[in-house]
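Structure, as C-alpha cells:
Only the coordinates and a few stated rules stand behind these numbers; no lab work does. Nothing here was measured: the structure is a model prediction, and the numbers come from that model. Every residue, glycine among them, receives a Cβ derived from its backbone with ideal geometry; neighbour counts consider all protein chains shown.
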Amino acid sequence: MLKIGDEAPDFELQNQNGNAVKLRDFRGKTVVIYFYPKDFTTGCTAEAKDFNQNIEYIISKGVKVLGISSDSVDSHRKFSQKLGLKFDLLSDPERKVIKAYGAQVGNRTRRITYIIDKDGKVAFVFPKVVPVGHSQEVLKKLEELKLV
C-alpha cells in the first residue's frame, strides 16, 4: 500500500468507453482513485451509487473520481450504463495498477481509496472502506486537507 507523501504511480488504462485515461493528464487537479473488487456485486454497486450521488458536487470542486477494478471494458460499460454513472471506471485486467497501488490481496482486489493531490502525491489513504457513505467520508477528508 502506498503511504501519504508517496508519488502516485502513473498509469494508462481504458475507461468504460474504451478511451485511454492517464493519471498524468490530471496534474493540477485532485484525484480520488477507488479500487473495488467486481462490477455488479452488492458492495461495489453500493459504492458506485454512493459516489454517483455526490459526483456533481465533487466535480464542481475540481476533483476527478476514478474507479478501478480488473473487470473488462465491456463489463464496466454495462455497469456504468445500468447505474447511470457520471465518472470513469477503468479496466485493469492485468492488475498492474491494482498491484502498484497495493490493492491486490491474493487474486482479489481489495477495497481501498487514495486521494492524490495536484502534484501527483498521495495526500490520504483509506485502507478499509465501507461502501455506503464512503463518498461523504472522502468529501470530509478533502475539506480537512483543504484540497477542495
Problem set entry | Where trypsin sites (Lys or Arg not before Pro) in DSSP loops with at most 16 other Cβ within 10 Å are excluded, longest remaining stretch of the chain | 62-85
For this session: Give me the distance in nm between label points sitting 7 Å out from Cα along the Cα-to-Cβ direction at GLU7 and THR42, one decimal.
Result: 4.3
Exercise. Out of ASP117, ASP71, ASP25, any idea which swings most in a Gaussian network model of the chain, alpha carbons joined below 10 Å?
Worked result: ASP25
For this session: Among the aspartates and glutamates, select those whose C-alpha is under 20 Å from the C-alpha of LYS22, and discard any that sit fewer than 8 residues away in the same chain.
Result: ASP6, GLU7, ASP10, GLU12, ASP71, ASP74, ASP88, ASP92, GLU94, ASP117, ASP119
Problem set entry | Top positive-direction residue, dipole computed over the range 15-148 with Cβ charges, set THR45, PHE124, LEU85 | PHE124
Problem set entry | Difference of contour (0.36 nm per residue) and Cα-Cα distance, ARG24 to LYS99 | 25.2 nm
Problem set entry | Cβ-placed point charges (K, R +1; D, E -1), dipole of the chain about Cα centre in debye, nearest 20 | 140
Problem set entry | Label of the coordinate-derived value, percent of Cα pairs over 22 Å apart, listed as (1) 52; (2) 64; (3) 31 | (3)
Seminar exercise, completed: At R0 = 25 Å the Cβ-Cβ FRET efficiency linking ASN54 and ASN107, nearest 0.05, sits at 0.20
